[in-house]
Structures are given as structure tokens and as C-alpha cells.
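For reference, the structure discussed in these notes is given below.
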Amino acid sequence: MIGRLNHIAIAVPDLEAATKTYASTLGAKVNPPQDEPDHGVTVVFVELPNTKVELLYPLGENSPIAGFLEKNPAGGIHHICYEVDDIIEARDKLKAEGARVLGNGEPKIGAHGNPVLFLHPKDFNGALVELEQA
Ligand SMILES: CC[C@H](C(=O)O)C(=O)SCCNC(=O)CCNC(=O)[C@H](O)C(C)(C)COP(=O)(O)OP(=O)(O)OC[C@H]1O[C@@H](n2cnc3c(N)ncnc32)[C@H](O)[C@@H]1OP(=O)(O)O
Ligand SMILES: [Co+2]
């Protein structure tokens, strides 16, 4: 069911500093920040030859990553995003197998303009999993 690795997300306490680290220190191609109010984050995508790194910074009052940054003030790997062909089919299969789909269970449009869903980290070896229909 899961396909390509679409991105690895890192929650960061300072988006500008993290962007500079990837652009200057690591010499990677970075994109401009994107506000994603529907997800409560601002994201910067770092383009790599075989995948992307998504730098995440809280946006607004109820950001879902605020708690994570409180627990990890220096930042940390936040989630891993896999691509699926059919996100509804994937969701329904996973729910049938007892996995917890976060939010109201309906996909939202993610940073790439595709439907995304999140799966509870406790069901996937402590890793927050994002699925993106791509
Ligand atoms: C623009 C969209 C973009 C894209 O790629 O398209 C994005 O990726 S948006 C990314 C931001 N959005 C989300 O992360 C939505 C899904 N996340 C959530 O709903 C919450 O973050 C949740 C439920 C995973 C965690 O909520 P909270 O931080 O309030 O912590 P809890 O106390 O409820 O956590 C329960 C339990 O899970 C552990 N936890 C929390 N976050 C993570 C994580 N990122 N990775 C692994 N484990 C995590 C937390 O430590 C708790 O464990 P416990 O043993 O009970 O302490
Ligand atoms: Co993501």
C-alpha cells in the first residue's frame, strides 16, 4: 500500500535558522516558507535528490506541533510521509485493522495540494505517519 517516501518532517524552534542551516551549512536547495493555516504550521521544503525534508514551525494558537516543541525545545524529527495511490482506500484498510486515523478521519489538503491524513504514532512504533495521495 505505501509507496515512495514523500518527506521527513522536522519541527524546529527557529524556522529561519533551520532554513539557513540546510541552505548554507548543508548546501541544500530550500524553498520559501509556506503558511498552512489549516494545519497550524509554516513549512519550508528542502529539496533533496531522492526525497524532501519538511521544516515545520507553529502557526497560530492551536498548532498541533506546539506540544511537541515544548517537549523537544531544540526541535526534532516530527513525522514521516509516505505516498499512497488512494488515500480513502488506504484509510479504510488501516481503520479496519485498528489503526487510529487522527483528526476527524477525513483527508485535508496538504502542502503539496494533495489530500493527506495522519496516523497515530503509538500504532506505528512511535513514529507519527502522514499519508499523502500523490
Ligand atoms: C501542511 C501540511 C503538512 C504536509 O506535509 O502536508 C504537514 O505535515 S502538517 C504537520 C502538522 N500536523 C500534524 O502533526 C497533525 C497530526 N498530529 C497530531 O494530531 C498531534 O500532533 C498528535 C496527536 C500526534 C500529538 O498530539 P500532542 O502533541 O498534543 O501530544 P499527545 O500528548 O496527544 O501525544 C500522545 C502521545 O504521542 C506522542 N507523540 C506526540 N507527537 C509525536 C510525534 N510527532 N512523534 C511521535 N510521538 C509523538 C506523545 O509523546 C504522547 O506519547 P506519550 O508516551 O503518552 O508521552
Ligand atoms: Co508533512
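Residue-level check: of (1) under 15 Å from residue 9 (Cβ atoms); (2) among the aliphatic types (A, V, I, L, M); (3) away from ligand 1 (no atom under 12 Å from the Cβ), residue 116 misses just (3).
Take the conditions assigned to a loop (DSSP other than H, G, I, E, B), among the hydrophobic types (A, V, I, L, M, F, W, C) and within 16 Å of ligand 2 (Cβ to nearest atom) and apply them to residue 10. Does it pass?
No, not satisfied.
Can you name the strands (runs of 3 or more DSSP E) wholly within region 55-134 that have at least 3 residues being of a type in the set (Asp, Glu)? Reasoning before the result, please.
Values: elements: 76-84, 115-119, 128-133.
Answer list for region 55-134: none.
In region 32-54, which residue that is within 14 Å of ligand 2 (Cβ to nearest atom) and in a loop (DSSP other than H, G, I, E, B) is nearest to residue 21 (Cα to Cα)? In this case the residue turns out to be 51.
Here residue 15 passes the criteria (1) under 22 Å from residue 132 (Cα atoms); (2) open to solvent by less than 70 Å² (accessible area, probe 1.4 Å); (3) more than 13 Å from ligand 2 (Cβ to nearest atom) except the one numbered (1). Are any of the residues in region 42-56 free of Cβ contacts under 8 Å to residues at least 60 places away in the same chain, open to solvent by 30 Å² or more (accessible area, probe 1.4 Å) and within 11 Å of ligand 1 (Cβ to nearest atom)? Looking for residues that are free of Cβ contacts under 8 Å to residues at least 60 places away in the same chain, open to solvent by 30 Å² or more (accessible area, probe 1.4 Å) and within 11 Å of ligand 1 (Cβ to nearest atom), one finds at least one in region 42-56, hence yes.
The values are calculated or read from the model by the stated rules, or taken from the named source; none is laboratory data. Note that this is a predicted model, so its numbers are computed, not measured. Counting neighbours? That spans all protein chains shown, and the Cβs are built from the backbone with ideal geometry, glycine included. Side chains are part of the model used for accessible areas, which takes the heavy atoms of the whole protein and leaves out ligands, DNA and RNA. Shrake-Rupley method; radii C 1.70, N 1.55, O 1.52, S 1.80 Å.
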